[in-house]
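Here is the structure we will look at, set down as structure tokens.
The values are calculated or read from the model by the stated rules, or taken from the named source; none is laboratory data. It should be emphasised that the depicted structure is a prediction, and the values quoted were computed from it without experimental measurement. For neighbour counting, all protein chains shown are included, and Cβ atoms are generated from backbone atoms with ideal geometry for every residue, glycine included. Quick note on the areas: whole protein, heavy atoms, side chains included, nothing else; ligands and nucleic acids left out. Shrake-Rupley method; radii C 1.70, N 1.55, O 1.52, S 1.80 Å.
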Amino acid sequence: MGTNDEAGGQNRAGDEPEEASTSGDGETTVTEEGSELERSIGLTGGLSIGIGTMIGAGIFVFPGLAAGDAGPAAAASFAIGAVIALLVALPASELATAMPKSGGGYYYISRALGTLPGAVVGISIWLGLVFATAFYLVSFGSYAAALLSEAGVDVAGLPIVGTLALLFGVVLTVVNLVGTENAAKLQNYVVGLLLTILVVFLSYGGLDVLGVFGSESTPEQFLPFGVMPVFTTAALVFTSYLGFAQVATVAGDIKDPGRNLPLAMVGSVLTVAVLYVATIFVATSAFGSGRLATFGETAMVEVARALVGDAGAMAILLGGLLATVSSANASVLSTSRAVFAVSKDALLPTIASRVNLQYGTPHIALSMAGGPVLVLVAFGRVEVLAEVASFLHLVMYGLMCVALIAMRRDEPEWYDPDFQVPAHRAVAGTGAVASFGLIAFMQRESQIIGVAIMIAAAGWYKYYAGDVRLKGAL
Amino acid sequence: MNTDSRTIREPPRLLIPIEVLEGESISASLVEFLAPAEVVLLGYHDLPEQTPTEQASMQYEEKARTAIDDIADSFRGAGGNVETRIAFTHDRDQTVDRVAAEESVTGLLLPNPVGEIEEVIVPIRGAIDVDRLADLVATLLEDGSRRVTLWGLAEEGDEFDAEAAVEYTRNTLSERGLPDDQISTEVSVAESPVWDIIERSSEFDVIVMGEGGPGLLASLFGDPSERIAEGAVAPVLVVRNR
């Protein structure tokens, strides 16, 4: 297409980036040879990917941890996360409508900023998603263990959380390797059910803590630990907002991407943000943040028990299981697509994008998602897993904002987004500063792991694919 | 195609979806039977959700193209006029519907194995686009060696006048120039038309039917034509509503 910079160069194995120049409309993409690639995910499906990935963490894992760190002001931490997510979702939407291809953030950054930043983001987002998946699985383990103890099984003293998480991680990987037909439809229903449970619970809980049903609870001091923990907690809970960009990794499958991509990304961020803030409000009002913190990852179960009784506790347990499963599954799928996008550009061995003959699934890319996840699940520290995942995503988010500014400045001929960010410099500039800024508030350990992964990614690029050129190639 | 004595209003155009990488194919007798119509061959590959369409196309595009070109050649060998398309999809029905609309086809084929084709059955169970049906049947039966049975099925207490519908269809076929001795008719009362059609399908070689409207049953179990194609031993040609 009409650019001066064509993709080129070779990696160590002698492969070149696959140039699949395509055209098409809202219903299909057409390859160079004229084959049609059907777009089969509508707006509901897109929203369900975004919400389904995000909701598990913010509601069912973080309230206890966050309230322990920041007090009732944890609600403000979630709000900060929402603002940053929105500042990134807008530029991401514009880039996605201009380049509606599988690969998401990696694709935009490699085309706008060049191969080195692209390679670093591509490889670290693969690992970032691996960390996120491990985090969701460990959370799943917590809920499964809580369910067991609810059912009267005595699990005291056993490493039950890690074991259940590992087992389920294996199941999830195998299911994906074999391939599924209707999991996406199922996901839509799961997300619908989750939203219903939450809206009912939060409305009831909200009225209750406001004193409609009983005595008004004593308001707690909003900032018991000062302002600083609000930001460190925002850095921790940002994992709850990682899902919206996963919509962009399946951009190649979204119908009418010019309309549906921005709506799905921005819509899913707004939906979960409202639910998160409401959840923290209800949870901290019901218990006081000190007690809430002692319940850990499954704090919401105790909140539900206090407000609605045992039936409420069961509903939230069920919700937590479904939500963490759907987050983990959506992340495995995104990981495999991220690996595909990078290996197609010859930055990873092309074997990673092979499709299995028997099951028709990209088995190597899926194993590169599932395998390392299991290692990390065994490692098992929820807060570090969450922060490293956020770290690697935030780097990509910040660079996406920079990529938008670069694209608008260069305006290549093919750059024709259906959706344009208003005041793009201000939005994307603030988005970039905020994304990078949030990283500064993370624990030292998470920062070191994150930086190490990025350096390793850059080293791999120099070693394996130093000659590959991607900038400007579409 | 040359239609001799026939007075076809619109030359019929058929969509033949083939799951090409699963080794699905079209038997020689069916190719010969369908060749008088314009044919759009759609080679599709239905992917699991884990696999991006782009990824599958990079690996399988050539293989799919070779396979579909082979089938197209067999139609050309039988004197047919054929176009080909290749699609990678996660949703077979969506792709077939889209291509059917884009190509404005008269009908589409739901394949089943078949031997020599002599007897065609047209079950008539309600509103059907008789003009399109007649164009299609008259064209496919032009060589004079095959016979068609128009079978009206009324459900008990139904307002549908099967007798009149069959008569109207027979007249339309005659107008298109199909000789009367190639047409026979019958009417029966059916409890479950879909089952009755499946049961009798072994007596015939090809089923031609309308797609049937939307309804509760259709949304639960799929279109009647698809259910029939699944249960019957004969290929089904579905005439699309306009």
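What number goes with the only condition from (1) open to solvent by less than 30 Å² (accessible area, probe 1.4 Å); (2) touching a strand residue (DSSP E or B) at 6+ places or on another chain (Cβ under 7 Å) that A:ALA403 does not pass?
(2)
If I filter segment B:63-90 down to residues being in contact with a Phe, Trp or Tyr (Cβ under 9 Å, 6 or more places away or on another chain) and either open to solvent by 50 Å² or more (accessible area, probe 1.4 Å) or of a type in the set (Val, Ile, Thr) (or both), which single residue comes out as nearest to A:GLU38 (Cα to Cα)?
The residue in question is B:THR89.
Hey, among the residues in segment B:70-86 that are touching a strand residue (DSSP E or B) at 6+ places or on another chain (Cβ under 7 Å) and charged (D, E, K, R), which one's farthest from the other protein chains (Cβ to nearest Cβ)?
B:ARG76
Is at least one residue of segment A:306-323 in a helix (DSSP H, G or I) and closer than 26 Å to A:ILE84 by Cα?
Yes, because at least one residue in segment A:306-323 is in a helix (DSSP H, G or I) and closer than 26 Å to A:ILE84 by Cα.
Restricting the first residue to segment A:355-384 and requiring it to be within 14 Å of chain B (Cβ to nearest Cβ) and in contact (Cβ under 8 Å) with a residue 12 or more places away in the chain, which pairs with a second residue that is open to solvent by less than 50 Å² (accessible area, probe 1.4 Å) and among the basic types (Lys, Arg) meet a Cβ separation below 8 Å and a spacing of at least six or different chains?
A:ALA365/A:ARG337
Search segment A:282-293 for residues that are at negative phi and pair each with any residue that is polar (S, T, N, Q) when their beta-carbon atoms are under 8 Å apart and the residues are at least 6 apart or on different chains.
A:SER285/A:SER217; A:ALA286/A:SER217; A:LEU292/A:THR284
Mind checking which residues of segment B:102-113 are open to solvent by 60 Å² or more (accessible area, probe 1.4 Å) and either without any contact (Cβ under 8 Å) to a residue 12 or more places away in the chain or polar (S, T, N, Q) (or both)?
B:GLU102, B:SER104
Kindly indicate the residue of segment B:179-193 that is of a type outside the set (S, T, N, Q) and at pLDDT 85 or above and also nearest to the chain's Cα centre (by Cα) among those meeting that condition.
Here the residue is B:ILE183.
Select from segment A:332-354 the residues that are among the hydrophobic types (A, V, I, L, M, F, W, C) and within 10 Å of chain B (Cβ to nearest Cβ) and list them in ascending order. Can you show your working first?
If we filter segment A:332-354 for residues that are among the hydrophobic types (A, V, I, L, M, F, W, C), which is where we start, we get A:332-333, A:338-342, A:346-348, A:351-352.
A:VAL332, A:LEU333, A:PHE340, A:ALA341, listed by residue number.
Restricting attention to segment A:308-321, and to residues there that are without any contact (Cβ under 8 Å) to a residue 24 or more places away in the chain and on the phi < 0 side of the Ramachandran plot, which single residue is least open to solvent (accessible area, probe 1.4 Å)?
Here the answer is A:ALA311.
Looking at segment B:118-127, is at least one residue more than 14 Å from chain A (Cβ to nearest Cβ), in contact with a Pro (Cβ under 7 Å, 6 or more places away or on another chain), more than 24 Å from B:GLU38 (Cβ to Cβ) and part of a loop (DSSP other than H, G, I, E, B)?
Checking segment B:118-127: at least one residue is more than 14 Å from chain A (Cβ to nearest Cβ), in contact with a Pro (Cβ under 7 Å, 6 or more places away or on another chain), more than 24 Å from B:GLU38 (Cβ to Cβ) and part of a loop (DSSP other than H, G, I, E, B).
Scan segment A:286-301 residue by residue and report those that are modelled with pLDDT of 85 or more and either of a type in the set (Gly, Ala, Ser) or out of contact with any helix residue (DSSP H, G or I) (no Cβ under 7 Å at 6 or more places or on another chain) (or both).
The answer is A:ARG291, A:ALA293, A:THR294, A:ALA299.
Could you please let me know if A:THR324 is open to solvent by 20 Å² or more (accessible area, probe 1.4 Å), touching a residue at least 60 places away in the same chain (Cβ under 8 Å), of a type outside the set (Asp, Glu) and touching a helix residue (DSSP H, G or I) at 6+ places or on another chain (Cβ under 9 Å)? Full working, then the answer.
Details: open to solvent by 20 Å² or more (accessible area, probe 1.4 Å): no; touching a residue at least 60 places away in the same chain (Cβ under 8 Å): yes; of a type outside the set (Asp, Glu): yes; touching a helix residue (DSSP H, G or I) at 6+ places or on another chain (Cβ under 9 Å): yes.
No: the conditions fail for A:THR324.
State whether the residues of segment A:92-102 include one that is within 14 Å of chain B (Cβ to nearest Cβ), more than 20 Å from A:ALA234 (Cα to Cα), out of contact with any Gly (no Cβ under 7 Å at 6 or more places or on another chain) and crowded, with 24+ Cβ neighbours inside 10 Å.
no
Which one of the conditions (1) modelled with pLDDT under 90; (2) surrounded by 13 or more Cβ atoms within 10 Å (Cβ to Cβ) does B:GLY213 fail to meet, given that it meets all the rest?
Answer for B:GLY213: the failing condition is (2).
Taking segment A:443-470 only, how many residues are open to solvent by less than 50 Å² (accessible area, probe 1.4 Å) and more than 19 Å from A:VAL384 (Cα to Cα)?
Final tally of qualifying residues: 9.
Go through the residues of segment B:5-16 one by one and say whether even a single one is within 30 Å of B:GLU116 (Cβ to Cβ), among the β-branched types (Val, Ile, Thr), modelled with pLDDT of 90 or more and touching an Asp or Glu at 6+ places or on another chain (Cβ under 6 Å).
Within segment B:5-16, none of the residues are within 30 Å of B:GLU116 (Cβ to Cβ), among the β-branched types (Val, Ile, Thr), modelled with pLDDT of 90 or more and touching an Asp or Glu at 6+ places or on another chain (Cβ under 6 Å).
I'd like to know if segment A:121-135 contains one or more residues that are of a type in the set (Phe, Trp, Tyr) and open to solvent by less than 10 Å² (accessible area, probe 1.4 Å).
Yes, segment A:121-135 contains a residue that is of a type in the set (Phe, Trp, Tyr) and open to solvent by less than 10 Å² (accessible area, probe 1.4 Å).
Limited to segment A:25-48, what total is found for residues that are in a helix (DSSP H, G or I) and either hydroxyl-bearing (Ser, Thr, Tyr) or away from chain B (no Cβ under 11 Å) (or both)?
Of the residues in that region, 5 qualify.
How many of the residues making up segment B:127-159 are over 17 Å from B:LEU173 (Cα atoms) and open to solvent by less than 50 Å² (accessible area, probe 1.4 Å)?
2
Select from segment A:231-245 the residues that are open to solvent by 10 Å² or more (accessible area, probe 1.4 Å) and not β-branched (Val, Ile, Thr) and list them in ascending order.
A:PHE231
Please tell me if A:THR180 is polar (S, T, N, Q), out of contact with any Lys or Arg (no Cβ under 7 Å at 6 or more places or on another chain) and modelled with pLDDT of 90 or more.
no
Of the numbered conditions (1) at pLDDT 90 or above; (2) under 29 Å from B:TYR44 (Cβ atoms); (3) among the charged types (D, E, K, R); (4) open to solvent by 50 Å² or more (accessible area, probe 1.4 Å), B:ARG98 fails exactly one; give the number of that condition.
Here B:ARG98 meets the rest and fails (4).
I'd like the full set of residues that are surrounded by 21 or more Cβ atoms within 10 Å (Cβ to Cβ) and touching an Asp or Glu at 6+ places or on another chain (Cβ under 6 Å), limited to segment A:269-307.
The one that is surrounded by 21 or more Cβ atoms within 10 Å (Cβ to Cβ) and touching an Asp or Glu at 6+ places or on another chain (Cβ under 6 Å): A:LEU307.
Starting from residues that are in a loop (DSSP other than H, G, I, E, B), facing chain A (nearest Cβ under 9 Å) and open to solvent by less than 10 Å² (accessible area, probe 1.4 Å), keep the ones in segment B:6-62 and report whichever is farthest from B:ASP73 (Cα to Cα).
Within segment B:6-62, the match that is farthest from B:ASP73 (Cα to Cα) is B:GLN50.
Suppose we filter segment A:52-76 for residues that are open to solvent by 10 Å² or more (accessible area, probe 1.4 Å), at pLDDT 90 or above and out of contact with any Phe, Trp or Tyr (no Cβ under 9 Å at 6 or more places or on another chain); how many remain?
As a first pass, look at segment A:52-76 and keep what is open to solvent by 10 Å² or more (accessible area, probe 1.4 Å): A:65, A:68-69, A:72, A:75-76.
Then drop every residue that is not at pLDDT 90 or above, which leaves A:75-76.
Okay, now just the ones that are also out of contact with any Phe, Trp or Tyr (no Cβ under 9 Å at 6 or more places or on another chain), so none.
Total meeting the criteria: 0.
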